[in-house]
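See structure below.
The values are calculated or read from the model by the stated rules, or taken from the named source; none is laboratory data. For clarity, every value in this text was computed on a predicted model and none was experimentally measured. Heads up, the Cβs are rebuilt from the backbone with ideal geometry, glycines too, and the neighbour counts pull from every protein chain shown.
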Amino acid sequence: MRNARINPSILSADFANLASELDRIHTADAVHVDVMDNHFVPNLTLGLPVVDALHKVSKLPIDVHLMIENADRWAPEYAQLGVDSVTFHAEASAAPVRLARELRSAGSRAAMALRPATPIEPYLDMLGELDMVLLMTVEPGFGGQKFLDLVLPKIKRARAAIDGSGKPIALQVDGGISRDTILRAAEAGADVFVAGSAVYSAQEPSVEIDVLRNLALGGH
């Protein structure tokens, strides 16, 4: 039986009170931090200084998701902050194998993300270089979007490839995760779930995290 990890996205948090917003999700497995540059995606969020500050005050591991161009240049700098994992987009890296190795050398877990329309098959040969694969279940850039069921077959293919590799690679999904969708993603094979608005719009975010985790475990 696989685990089910819930990594709330602070994209849906109150940016003026990020330290206290971390306390509201103390039952989470990690904090998902979305870094956007307004080039790779049409939104602008935060960068190295804020991630560094979050890392210093967070009791939870920091899971950085880079939605930026030129990931080969910038991703290692995030790893050097000491965060738990750094996810770069395959579409934004000219040398993903080399980049994954750089992230690991810097002490971070290496993860690679794919947009909904990006096939996973060209990247299966490099699974052994990764600690996690992130499949976007919405178009990246904004929170609160609707879960794209068309990604479910890709999640199943990724799960089959990961299981076939024999390596402990996590399979994360990000976008539209809620009570209504998390079971479908879990049944397809995901074991790490990024939830933003579903968590932070709840009256008790820490309780909602436990609810989501239990629902996901039902799919495993």
Legend entry - Boolean, Ile6 is of a type outside the set (S, T, N, Q), assigned to a loop (DSSP other than H, G, I, E, B) and modelled with pLDDT of 95 or more: no
Legend entry - Residue ID - nearest to Pro140 (Cα to Cα), chosen from residues in region 4-48 that are out of contact with any His (no Cβ under 8 Å at 6 or more places or on another chain) and of a type in the set (Gly, Ala, Ser): Ser12
Inset, instruction - With the condition kept exactly as written, say whether any residue in region 53-69 is at pLDDT below 95, under 18 Å from the mean Cα position of the chain (by Cα) and farther than 26 Å from Asp191 by Cβ. - result: yes
Legend entry - Hits in region 55-78 - residues which are in a helix (DSSP H, G or I), under 17 Å from Arg109 (Cβ atoms) and among the aliphatic types (A, V, I, L, M): Ala71, Ala75
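Before we move on, is Leu150 farther than 30 Å from Ser105 by Cβ, among the aliphatic types (A, V, I, L, M) and surrounded by fewer than 19 Cβ atoms within 10 Å (Cβ to Cβ)?
yes
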Inset, instruction - May I ask you to verify whether Glu91 is of a type outside the set (A, V, I, L, M, F, W, C) and assigned to a helix (DSSP H, G or I)? - result: yes
Inset, instruction - List every residue pair whose Cβ atoms lie under 7 Å apart, where the two residues are 6 or more positions apart in sequence or sit on different chains, the first residue falls within region 202-220 and is within 18 Å of Ile10 (Cβ to Cβ), and the second residue, located anywhere, is surrounded by 15 or more Cβ atoms within 10 Å (Cβ to Cβ) and of a type in the set (Ser, Thr, Tyr). - result: Ser206/Thr27; Ile209/Thr27
Legend entry - Scan of region 28-45 for residues that are of a type outside the set (Val, Ile, Thr) and under 16 Å from the mean Cα position of the chain (by Cα), ordered by number: Ala28, Asp29, Ala30, His32, Asp34, Met36
Inset, instruction - Quick one: in region 132-163, of everything that is touching a helix residue (DSSP H, G or I) at 6+ places or on another chain (Cβ under 9 Å) and of a type in the set (Gly, Ala, Ser), which residue is farthest from Pro116 (Cα to Cα)? - result: Ala161
Inset, instruction - Might you check whether a residue that is closer than 24 Å to Leu135 by Cα, surrounded by 16 or more Cβ atoms within 10 Å (Cβ to Cβ) and modelled with pLDDT of 95 or more occurs anywhere in region 11-20? - result: no
Legend entry - Some residue of region 62-83 being without any contact (Cβ under 8 Å) to a residue 60 or more places away in the chain, in contact with a Pro (Cβ under 8 Å, 6 or more places away or on another chain) and either among the acidic types (Asp, Glu) or surrounded by 17 or more Cβ atoms within 10 Å (Cβ to Cβ) (or both): yes
Inset, instruction - Name the helices (runs of 4 or more DSSP H) wholly inside region 166-220 in which the number of residues that are touching a Pro at 6+ places or on another chain (Cβ under 8 Å) and of a type outside the set (Lys, Arg) is 2 or more. - result: 197-200, 205-217
Inset, instruction - Mind telling me which of the residues Val133, Val138 ends up being within 22 Å of Glu187 (Cβ to Cβ), in contact (Cβ under 8 Å) with a residue 12 or more places away in the chain, part of a loop (DSSP other than H, G, I, E, B) and within 13 Å of the chain's Cα centre (by Cα)? - result: Val138
Legend entry - Scope region 105-125; condition loosely packed, with under 15 Cβ neighbours inside 10 Å and either touching an Asp or Glu at 6+ places or on another chain (Cβ under 7 Å) or in a helix (DSSP H, G or I) (or both); matching residues: Ser105, Glu121, Pro122, Asp125
